[in-house]
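Please read the structure below before turning to the comments.
The values are calculated or read from the model by the stated rules, or taken from the named source; none is laboratory data. If you're wondering where the values come from, they're calculated on a predicted model, not measured in any experiment. Using ideal geometry, Cβ is built from the backbone for each residue, glycine included, and neighbour counts are taken over all protein chains shown.
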Amino acid sequence: MESTAIGLWGIPLAILAGAIRVSTPFIFVSLGETITERSGRINLGLEGTLVFGAMTAYAIAVVTGSPWLGVAGAMAAGASFGLIHGFICRWPKVNDIAIGIAMMQFGLGLAFFLGKPYIQPAAPHLPSIPFGFWSGLPQIQAALDINVLFLIGAALTFALRWVLANTRIGLTLRVVGDSTDAARAMGIDPHRVRLVATAVGGAFAAVGGAYLSLYYPGAWNEGISSGQGLMAVALVIFARWNPVGCFLAALLFGGAGALGPALQSVGVTSGYYLFYAAPYALTLVIMIATSSPNRPVPGMPGALSLTK
Amino acid sequence: MFDRLSLNRRRFLKTTTAGLLFGAVPGLVSGRARAADGLTVGFVYVGPKDDYGYNQAHAEGAAAVKALDGVTVVEEENVPETVDVQKTMESMINLDGATLLFPTSFGYFDPHVLAVAAKYPDTQFRHCGGLWQAGKHPENVGSYFGYIHQGQYLNGIAAGYATKSKKIGFVAAKPIPQVLQNINAFLLGARSVDPAITCQVIFTGEWSLAVKEAEAVNALVDQGADVITCHVDSPKVVVQTAAGRGAFVCGYHANQSPLAPDKYLTGAEWAWGNVYTDFAKKALAGEKLGNFVRGGLKDGFVKMSPLGPAVSTEARNTFEATLAEIMKTKYSVFKGPLKDNKGNEVIAAGAAYSEDAIELESMAYLVDGVVGSAS
């Protein structure tokens, strides 16, 4: 046997590589949802936006030959989904959760319907940067072949944190999210802020979809997401509405997702269903450990409520 | 997960147009519509019919039936294995006048096909897989399936010549007998070339999970596997990811060579066109259809993708010689002495199971040389 196998070192490497490869959609969807929820609104429909974004990006990339046009198209489509959601939810007595679920179904259905002709053709993929050039090992080269969208996602994480903490835009968003009345008293139109925040959130989520169809796994089919959009929405609560927390939680999920295949590949073959459940078990443990019956979840925007 | 909620376009159009017709011209349309002459055949798929995989293989078969004179084909895709499939089948029977139905997915059979078959005794149902049992299930139902492990054995031969690391990889969905047969046959094919070869298997746990399948391929390649094949519903992601990592690939279900023209060695494909046209011709002629239809490469149920450019002359010769052997007589991929990967003897020396041996349909082990666990 040639020395191409790296044995047990494959596990940490796979977790690192998986964290980078698998996390990007989680990063974008959870950052988008953070913006939306910080404005005091929940958009559960991001799973639909993610899948519709994946389809739009793939279709545009197939037709035009440019993956970046695909990403731009997905952003536009995602923003429109967010606008529809935001527009409907501005009316009194409209429940965001119900609209979110309706929009999720709408996004999935429309993506399946319009995406039919694009299952077979191959689209050009988004570029990646070979940060592993220094290593002679093909495994490390492959693991450190990092997609540009991941880097953009990482940069956006810190930019968003800065914007929320230090700028007027961030302050406006937080005021609207914490108290609708206070925002009105300050002369801010909460409806408009929430509409924009939901649209931006939708655009972010659609970019996550573009990553799925145009880079990893890099194909459009109807099962491409398998619930990642929903998980990412849950990650936002897990990350306490903090962008950096979202980024780390996404990395954790990506890495934990790579654990099951990696363990099987080194010969730990029993109980793989259990390893596949690892990310969810981990989430449960952290949620239970950090929650308390006596106080609300820390960091939760004041105007955010599940019942309206 | 939300499939039950989704309104199906076809059914929506059907119901609304039928409703309009009944409303506008009462008495003009009777309960059973048209198809007085000729034959209408219905196909139901669990996924999209251009998935480079399981459903595409069936849809290509349906396309062959379409070419027959006097036959109308109705199809519906993305039908979940729930009560939805019963509605789809009833709609095909009542509105399209279908008298022969092919619900192609494994999970359609019990209880859905059985329920509808009991309600429509004049309609014939043929289900893909091995679930129908004579005496236990209705006579207007039957099963058909192919010995595709022969194709995986040939894949293994091509892989055995192509591998340099002597390590090959298999991305599998679930450890059921059908999948285990394929994994074992793939390794045995490779070991017929070089007994030092091992096969690493990774189970993803589901028939279609794109991200996990891609992760599995990456993990296999990281551990040195340089030829990859799979048994999942849509092999597109596996083929593209493996070729992207520089590994060779063997296909499954349908021909995936357009996805990786340089890295594709060969592939085990279904040839449902032959099977379906045979059923349709019999139905047209008014003959009785078989209830238990099986076949392999020899019978035209399974075929191999054309060999790719990376296959060496030596590999091509062995491949073609073995294929010729399989086409000639009953061929035993599984013969003793054979041990499983826990060291137990599973086939005694001198025993051999040919393709139609009933023992194969309950296979629950992985053979010696496969790294993985069947449970």
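List of remarks:
- Residue check for B:Pro80: more than 14 Å from chain A (Cβ to nearest Cβ), surrounded by fewer than 21 Cβ atoms within 10 Å (Cβ to Cβ) and at pLDDT below 95: no
- Positions within region B:118-155 being touching a helix residue (DSSP H, G or I) at 6+ places or on another chain (Cβ under 6 Å) and without any contact (Cβ under 8 Å) to a residue 40 or more places away in the chain, in sequence order: B:Tyr120, B:Thr123, B:Phe125, B:His127, B:Gly129, B:Leu131, B:Pro138, B:Asn140
- Criterion: within 14 Å of chain B (Cβ to nearest Cβ), in a helix (DSSP H, G or I), surrounded by 22 or more Cβ atoms within 10 Å (Cβ to Cβ) and modelled with pLDDT under 90 - qualifying residue of A:Gly48, A:Gly18: A:Gly18
- Taking every residue in region B:305-327 that is in the same structural domain as B:Asp194 (by TED's automatic domain parsing) and in contact (Cβ under 8 Å) with a residue 12 or more places away in the chain and pairing it with any residue that is exposed (fewer than 11 other Cβ atoms within 10 Å of the Cβ) and of a type outside the set (Gly, Ala, Ser), at least 6 positions away or on another chain, the pairs with Cβ-Cβ distances below 8 Å are B:Gly308/B:Asp262; B:Pro309/B:Asp262; B:Ala310/B:Asp262.
- Residues in region A:261-272 that are more than 7 Å from chain B (Cβ to nearest Cβ) and either modelled with pLDDT under 85 or assigned to a loop (DSSP other than H, G, I, E, B) (or both): A:Val268, A:Gly271.
- Some residue of region A:219-228 being assigned to a helix (DSSP H, G or I) and either within 24 Å of A:Pro301 (Cα to Cα) or in contact with a strand residue (DSSP E or B) (Cβ under 6 Å, 6 or more places away or on another chain) (or both): yes
- With respect to being buried (at least 19 other Cβ atoms within 10 Å of the Cβ) and more than 17 Å from B:Phe145 (Cβ to Cβ), B:Met304 fits the description.
- Residue in region A:225-232 that is under 24 Å from B:Val237 (Cα atoms) and at pLDDT 95 or above present: no
- Candidates A:Ala72, A:Ala77: the one that is crowded, with 21+ Cβ neighbours inside 10 Å, part of a helix (DSSP H, G or I) and away from chain B (no Cβ under 14 Å) is A:Ala77.
- When we screen B:Ala283, B:Ala321 for residues that are over 14 Å from B:Ala64 (Cβ atoms), at pLDDT 95 or above and of a type outside the set (D, E, K, R), the only hit is B:Ala321.
- Residue check, B:Val346 in a loop (DSSP other than H, G, I, E, B) and either free of Cβ contacts under 8 Å to residues at least 40 places away in the same chain or surrounded by 15 or more Cβ atoms within 10 Å (Cβ to Cβ) (or both): no
- Restricted to strands (runs of 3 or more DSSP E) entirely inside region B:205-308, those with at least 3 residues that are more than 23 Å from A:Ile11 (Cα to Cα), touching a Cys at 6+ places or on another chain (Cβ under 8 Å) and more than 8 Å from every other protein chain (Cβ to nearest Cβ) are B:264-270.
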